[in-house]
Amino acid sequence: PMDCTGKRIAYTGTSMQYDRQEVYSAITAAKGEIDYNSVTSKTDLLVIGDQNPEGSKYKNAQKHGTPTVSVRDFMARAYDGTPWSFPVPTQRAAKQSQRARAKADKTVAQAVRQMARETPLSGFVGF
(Lines give C-alpha, C1' and ligand atoms only; values in the text may rest on other atoms or scores of the structure.)
Protein backbone atom coordinates (compact mmCIF):
# COMPACT_ATOMS: atom_id res chain seq x y z
CA PRO A 1 0.00 0.00 0.00
CA MET A 2 1.03 3.59 -0.42
CA ASP A 3 3.01 5.14 2.42
CA CYS A 4 1.77 8.38 3.94
CA THR A 5 3.60 7.99 7.23
CA GLY A 6 3.48 11.21 9.22
CA LYS A 7 1.52 13.07 6.54
CA ARG A 8 -1.58 15.04 7.51
CA ILE A 9 -4.39 14.49 5.02
CA ALA A 10 -7.82 16.09 4.90
CA TYR A 11 -10.88 15.13 2.86
CA THR A 12 -13.53 17.49 1.55
CA GLY A 13 -16.69 17.14 -0.49
CA THR A 14 -18.51 13.89 -1.15
CA SER A 15 -18.05 11.07 -3.60
CA MET A 16 -20.51 8.95 -5.53
CA GLN A 17 -18.05 6.05 -5.50
CA TYR A 18 -16.54 6.12 -2.00
CA ASP A 19 -18.07 6.97 1.34
CA ARG A 20 -16.17 9.14 3.79
CA GLN A 21 -15.23 6.21 6.02
CA GLU A 22 -13.62 4.37 3.09
CA VAL A 23 -11.43 7.40 2.37
CA TYR A 24 -10.49 7.74 6.04
CA SER A 25 -9.69 4.02 6.18
CA ALA A 26 -7.42 4.34 3.15
CA ILE A 27 -5.59 7.27 4.79
CA THR A 28 -5.04 5.38 8.05
CA ALA A 29 -4.07 2.17 6.21
CA ALA A 30 -1.36 4.22 4.49
CA LYS A 31 -0.25 5.43 7.96
CA GLY A 32 -1.41 8.99 7.32
CA GLU A 33 -2.98 11.26 9.92
CA ILE A 34 -6.48 12.59 9.23
CA ASP A 35 -7.23 16.31 9.52
CA TYR A 36 -10.95 15.92 10.18
CA ASN A 37 -12.08 19.49 10.71
CA SER A 38 -9.88 21.89 8.79
CA VAL A 39 -6.95 22.48 6.48
CA THR A 40 -4.05 24.39 8.03
CA SER A 41 -0.51 25.22 7.02
CA LYS A 42 0.45 21.83 8.52
CA THR A 43 -1.86 19.83 6.21
CA ASP A 44 0.15 17.93 3.60
CA LEU A 45 -2.63 16.93 1.19
CA LEU A 46 -6.32 17.60 0.56
CA VAL A 47 -8.34 14.80 -1.04
CA ILE A 48 -11.25 16.31 -2.96
CA GLY A 49 -14.55 14.52 -3.50
CA ASP A 50 -16.29 14.82 -6.86
CA GLN A 51 -19.31 16.64 -5.40
CA ASN A 52 -19.39 19.87 -3.35
CA PRO A 53 -15.61 20.28 -3.22
CA GLU A 54 -15.39 24.07 -2.96
CA GLY A 55 -15.94 24.54 0.77
CA SER A 56 -13.72 26.10 3.41
CA LYS A 57 -11.20 23.23 3.35
CA TYR A 58 -10.62 23.77 -0.36
CA LYS A 59 -10.27 27.54 0.10
CA ASN A 60 -7.82 27.03 2.97
CA ALA A 61 -5.81 24.58 0.87
CA GLN A 62 -5.46 27.24 -1.82
CA LYS A 63 -4.53 29.84 0.79
CA HIS A 64 -1.82 27.63 2.32
CA GLY A 65 -0.56 26.13 -0.94
CA THR A 66 -1.60 22.62 0.09
CA PRO A 67 -1.50 20.06 -2.75
CA THR A 68 -4.86 18.56 -3.78
CA VAL A 69 -5.84 15.29 -5.41
CA SER A 70 -9.17 13.91 -6.54
CA VAL A 71 -10.70 11.18 -4.39
CA ARG A 72 -10.63 8.84 -7.40
CA ASP A 73 -6.88 9.30 -7.94
CA PHE A 74 -6.14 9.00 -4.23
CA MET A 75 -8.19 5.81 -3.81
CA ALA A 76 -6.75 4.27 -6.99
CA ARG A 77 -3.25 4.77 -5.59
CA ALA A 78 -4.35 3.45 -2.20
CA TYR A 79 -5.73 0.25 -3.72
CA ASP A 80 -3.02 -0.46 -6.27
CA GLY A 81 -0.11 0.58 -4.04
CA THR A 82 1.23 3.29 -6.32
CA PRO A 83 3.64 5.38 -4.27
CA TRP A 84 2.57 8.90 -3.48
CA SER A 85 5.04 11.75 -3.56
CA PHE A 86 4.24 14.79 -1.50
CA PRO A 87 5.60 17.79 -3.36
CA VAL A 88 6.22 20.94 -1.40
CA PRO A 89 4.22 23.61 -3.20
CA THR A 90 6.19 26.59 -4.44
CA GLN A 91 4.31 29.00 -2.18
CA ARG A 92 4.91 26.85 0.91
CA ALA A 93 8.56 26.27 -0.02
CA ALA A 94 9.08 30.01 -0.45
CA LYS A 95 7.57 30.72 2.98
CA GLN A 96 9.69 28.00 4.60
CA SER A 97 12.82 29.36 2.92
CA GLN A 98 11.96 32.91 3.97
CA ARG A 99 11.43 31.80 7.59
CA ALA A 100 14.72 29.87 7.55
CA ARG A 101 16.61 32.91 6.22
CA ALA A 102 15.02 35.18 8.82
CA LYS A 103 15.94 32.74 11.58
CA ALA A 104 19.53 32.50 10.29
CA ASP A 105 19.78 36.31 10.07
CA LYS A 106 18.52 36.62 13.64
CA THR A 107 21.04 34.02 14.85
CA VAL A 108 23.92 35.80 13.11
CA ALA A 109 22.83 39.17 14.53
CA GLN A 110 22.68 37.70 18.03
CA ALA A 111 26.15 36.20 17.64
CA VAL A 112 27.58 39.52 16.42
CA ARG A 113 26.02 41.38 19.36
CA GLN A 114 27.39 38.78 21.78
CA MET A 115 30.88 39.06 20.28
CA ALA A 116 30.71 42.86 20.48
CA ARG A 117 29.87 42.63 24.18
CA GLU A 118 32.68 40.18 24.89
CA THR A 119 35.46 41.71 22.78
CA PRO A 120 37.49 44.45 24.50
CA LEU A 121 38.03 47.52 22.37
CA SER A 122 41.60 47.93 23.63
CA GLY A 123 42.86 45.34 21.14
CA PHE A 124 41.78 47.39 18.13
CA VAL A 125 43.99 50.01 16.46
CA GLY A 126 43.14 53.50 17.62
CA PHE A 127 41.84 52.50 21.05
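The values are calculated or read from the model by the stated rules, or taken from the named source; none is laboratory data. Keep in mind that what you see is a predicted model, and the values were worked out from it rather than measured. Cβ placement follows ideal geometry from the backbone for every residue including glycine, while neighbour counts extend to all protein chains displayed. Surface accessibility is based on the protein's heavy atoms, side chains included, excluding ligands, DNA and RNA. Shrake-Rupley method; radii C 1.70, N 1.55, O 1.52, S 1.80 Å.
Structure above, values below:
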quantity: Candidate set from region 73-112 (those that are closer than 30 Å to E22 by Cα and of a type in the set (S, T, N, Q)); member that is modelled with the highest pLDDT; calculated: T82
quantity: Region 1-26, subset under 15 Å from R72 (Cβ atoms) and crowded, with 17+ Cβ neighbours inside 10 Å, residue modelled with the lowest pLDDT; calculated: M2
quantity: Boolean, G32 is of a type in the set (G, A, S), open to solvent by less than 50 Å² (accessible area, probe 1.4 Å) and on the phi > 0 side of the Ramachandran plot; calculated: no
quantity: Every residue from region 113-127 that is at pLDDT 75 or above and among the hydroxyl-bearing types (S, T, Y); calculated: none
quantity: Criterion violated by L45 - all others in (1) modelled with pLDDT of 90 or more; (2) open to solvent by 30 Å² or more (accessible area, probe 1.4 Å) satisfied; calculated: (2)
quantity: Count of residues meeting criterion [open to solvent by less than 50 Å² (accessible area, probe 1.4 Å) and part of a loop (DSSP other than H, G, I, E, B)] in region 48-77; calculated: 6
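Conditions (1) of a type outside the set (D, E, K, R); (2) in a loop (DSSP other than H, G, I, E, B), marked per residue:
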site	(1), (2)
C4	yes, yes
Y11	yes, no
Q17	yes, yes
E22	no, no
A26	yes, no
N37	yes, yes
S41	yes, yes
L46	yes, no
